[in-house]
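The values are calculated or read from the model by the stated rules, or taken from the named source; none is laboratory data. Only a predicted model underlies this, so the values are computations on that prediction, with no experimental measurement involved. Here the Cβ positions follow ideal geometry from the backbone for every residue, glycine too, while neighbour counts run over all protein chains shown. Surface areas here come from the heavy atoms of the whole protein model, side chains and all, with no ligands, DNA or RNA. Shrake-Rupley method; radii C 1.70, N 1.55, O 1.52, S 1.80 Å.
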Amino acid sequence: MASTSVSRIVPATPERVWNLIGGFDALPDWLPYIPESTALEGGRVRRLTNPEGEVIVERLVAFNEAERHYSYAILQAPFPVDGYVSTIRVHAVPGRDDLAEVQWSGRFNPVDATEQQVVDLFTGIYADGLAALHTTLAG
């Protein structure tokens, strides 16, 4: 099983960051790669569409409001992986009330791709996503 993790300090309180990203159906609010999200099964599943019109279906597998994190599994996607589970976490930055650290990590099994190819793919997606989050919060 392969894995990757990306962290970024963003210019907002942990509460503000979590209020923006903590909803499982909130990706279009901060992630340009996902302009459309439809909540299914009472909000436990999200059907996402990327700019190319490709569909990604994900299931919420863990959620912790108090600790500001959730995990999800991909059920359907145009990615060369299976067994994908990812977690998004928001942490306080010690000594700073105006900043938060966001960590996006995932583990997955490559399918018809090398481990390095899928690690690079998701490292890029996470880094680009956290850069977009930073831009949204700084704006």
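Things to note:
- Test: residue in region 87-100 that is on the phi > 0 side of the Ramachandran plot and either in a strand (DSSP E or B) or of a type in the set (Ser, Thr, Tyr) (or both): no
- Scope region 42-75; condition without any contact (Cβ under 8 Å) to a residue 12 or more places away in the chain and either touching a helix residue (DSSP H, G or I) at 6+ places or on another chain (Cβ under 9 Å) or in a helix (DSSP H, G or I) (or both); matching residues: GLY42
- Hey, GLY83 free of Cβ contacts under 8 Å to residues at least 40 places away in the same chain and of a type outside the set (S, T, N, Q) or not: no
- Restricting attention to region 13-41, the residues that are in contact with a strand residue (DSSP E or B) (Cβ under 6 Å, 6 or more places away or on another chain), under 16 Å from ALA132 (Cβ atoms) and in contact (Cβ under 8 Å) with a residue 24 or more places away in the chain total 1.
- For TYR72, the conditions (1) modelled with pLDDT under 95; (2) open to solvent by less than 40 Å² (accessible area, probe 1.4 Å); (3) of a type in the set (Phe, Trp, Tyr) all hold with the exception of (1).
- Residue in region 5-12 that is part of a loop (DSSP other than H, G, I, E, B), open to solvent by 20 Å² or more (accessible area, probe 1.4 Å) and touching a Pro at 6+ places or on another chain (Cβ under 7 Å) present: no
- Here ALA39 fulfils each of the conditions (1) at pLDDT 95 or above; (2) of a type outside the set (Phe, Trp, Tyr); (3) not in a strand (DSSP E or B) apart from (3).
- The selection criterion, being touching a strand residue (DSSP E or B) at 6+ places or on another chain (Cβ under 9 Å) and polar (S, T, N, Q), holds for THR49.
- Residues that are surrounded by 16 or more Cβ atoms within 10 Å (Cβ to Cβ) and of a type in the set (Phe, Trp, Tyr), drawn from region 21-55: PHE24, TRP30
- The residues listed here are GLU58, GLU67; of these, the one that is modelled with pLDDT of 95 or more and over 25 Å from ALA138 (Cα atoms) is GLU58.
- Annotation: of all residues in region 101-120 being outside any strand (DSSP E or B) and either in contact with a Lys or Arg (Cβ under 9 Å, 6 or more places away or on another chain) or open to solvent by 60 Å² or more (accessible area, probe 1.4 Å) (or both), the one that is nearest to ALA2 (Cα to Cα) is GLU115.
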